[in-house]
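Following: one structure in structure tokens, then a few remarks.
The values are calculated or read from the model by the stated rules, or taken from the named source; none is laboratory data. On a predicted model such as this, the values are computed, not experimentally measured, just so you know. Here the Cβ is made from the backbone with ideal geometry for all residues, glycine too, and neighbour counts use every protein chain on show.
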Amino acid sequence: MKYGKVKNIKTELLSDNWYTLNKVTFDYQREDGSWEEQSRECYDRGNGAAILLYNLDKKTVILTRQFRMPTYVNGNEDGFMVEVCAGILEKGNAEETIKMEVEEETGYQIDNVVKVFESYMSPGSVTEILHFFIGEYQPNMKIGTGGGAEDETENIEVIELTFREALDWMATGKIKDGKTIMLLQWAQINNLLNQKI
Ligand SMILES: Nc1nc2c(ncn2[C@@H]2O[C@H](COP(=O)(O)OP(=O)(O)O[C@H]3O[C@H](CO)[C@@H](O)[C@H](O)[C@@H]3O)[C@@H](O)[C@H]2O)c(=O)[nH]1
Ligand SMILES: [Mg+2]
């Protein structure tokens with residue numbers, strides 16, 4: 001293997017309070033063939049799925065707004081984040097999970113989703129791979145209020161914006177969430193809303 005091999009992998013559990021934090025110690029083979037011991041903390045919160053919900057007639061997208069404590073403790077003044085709908089894969093595959101999350105968080109029941117790419121979001125410390133989808137919604141697909149799971153105290157606000165407004169929010173920093181920026185830019189590059197940029 002060109003960029004080294006690993007052996008003697010040892011995993012020490014540091015925390016399993018909500019998700020799992022492990023310290024992984026391993027031998028890593030360098031380019032010159034010599035071995036060195038390294039260790040990395042790996043935070044395992046499972047894998048996830050995210051979706052850009054869009055409507056072609058109205059040229060709109062649906063986003064969510066929710067309080068995110070980790071951002072509050074790191075400079076986000078009110079702690080609120082505008083994000084695409086997303087969730088952690090609990091049971092089932094990414095496609096099933098994202099349809100369930102859409103219903104739970106936004107109140108829309110959508111039939112078709114299309115996977116567009118996947119990405120490790122923080123590969124130096126977080127194990128998670130995130131599956132990215134797009135899905136068209138129609139007003140008559142709204143069957144509930146959304147808001148997130150009661151037992152998870154999510155308190156999610158559902159926001160409908162024109163695609164143009166969403167791009168402006170991204171440009172001005174009102175949208176600062178990585179997965180949301182990635183999906184909005186994917187839509188822009190691929191002319192998803194057929195709009196001249
Ligand atoms: N009580 C408690 N709740 C927690 C804790 N950590 C997270 N939660 C809550 O558990 C819920 C998980 O909801 P999901 O909708 O399944 O996940 P998500 O937080 O929206 O995750 C999505 O966004 C993340 C951040 O961008 C992504 O990393 C993830 O893959 C997914 O796309 C959220 O309400 C979250 O606040 C904790 O330590 N304690
Ligand atoms: Mg969520």
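Could you count how many residues in segment 65-109 are of a type outside the set (Gly, Ala, Ser) and assigned to a strand (DSSP E or B)?
So the answer is 10.
Return the only residue of Glu154, Glu165 being within 16 Å of ligand 2 (Cβ to nearest atom), among the acidic types (Asp, Glu) and surrounded by fewer than 19 Cβ atoms within 10 Å (Cβ to Cβ).
Glu154
Here are the criteria: (1) modelled with pLDDT under 95; (2) surrounded by 14 or more Cβ atoms within 10 Å (Cβ to Cβ). Tell me which single one Asn93 does not satisfy.
All conditions pass for Asn93, except number (2).
Quick one: Gly75 ticks every box in (1) under 18 Å from Ala166 (Cβ atoms); (2) among the small types (Gly, Ala, Ser); (3) more than 12 Å from the chain's Cα centre (by Cα) bar one, so which box is it?
It fails just one condition, (1).
Residue-wise test of (1) within 12 Å of ligand 1 (Cβ to nearest atom); (2) out of contact with any strand residue (DSSP E or B) (no Cβ under 8 Å at 6 or more places or on another chain); (3) touching a residue at least 60 places away in the same chain (Cβ under 8 Å).
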| residue | (1), (2), (3) |
| --- | --- |
| Arg30 | no, no, no |
| Arg45 | yes, no, yes |
| Gly79 | yes, no, no |
| Gly87 | yes, no, no |
| Gly92 | no, yes, no |
| Asp111 | no, yes, no |
| Ser122 | yes, yes, no |
| Thr127 | yes, no, yes |
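Look through segment 1-17, keep the residues that are at pLDDT 95 or above and part of a loop (DSSP other than H, G, I, E, B), and return whichever of them is nearest to Thr127 (Cα to Cα).
Among those that are at pLDDT 95 or above and part of a loop (DSSP other than H, G, I, E, B), it is Asp16.
Just one of Asn112, Asn155 is assigned by TED's automatic domain parsing to the domain that holds Glu90, outside any strand (DSSP E or B) and under 19 Å from Thr60 (Cα atoms); which is it?
Residue meeting the stated conditions: Asn112.
Only one of Ile98, Ile88 is surrounded by 19 or more Cβ atoms within 10 Å (Cβ to Cβ) and aliphatic (A, V, I, L, M). Can you tell me which?
Ile98
Residues in segment 130-141: is at least one within 20 Å of Pro70 (Cβ to Cβ), surrounded by fewer than 13 Cβ atoms within 10 Å (Cβ to Cβ) and of a type outside the set (Phe, Trp, Tyr)?
No: segment 130-141 contains no residue that is within 20 Å of Pro70 (Cβ to Cβ), surrounded by fewer than 13 Cβ atoms within 10 Å (Cβ to Cβ) and of a type outside the set (Phe, Trp, Tyr).
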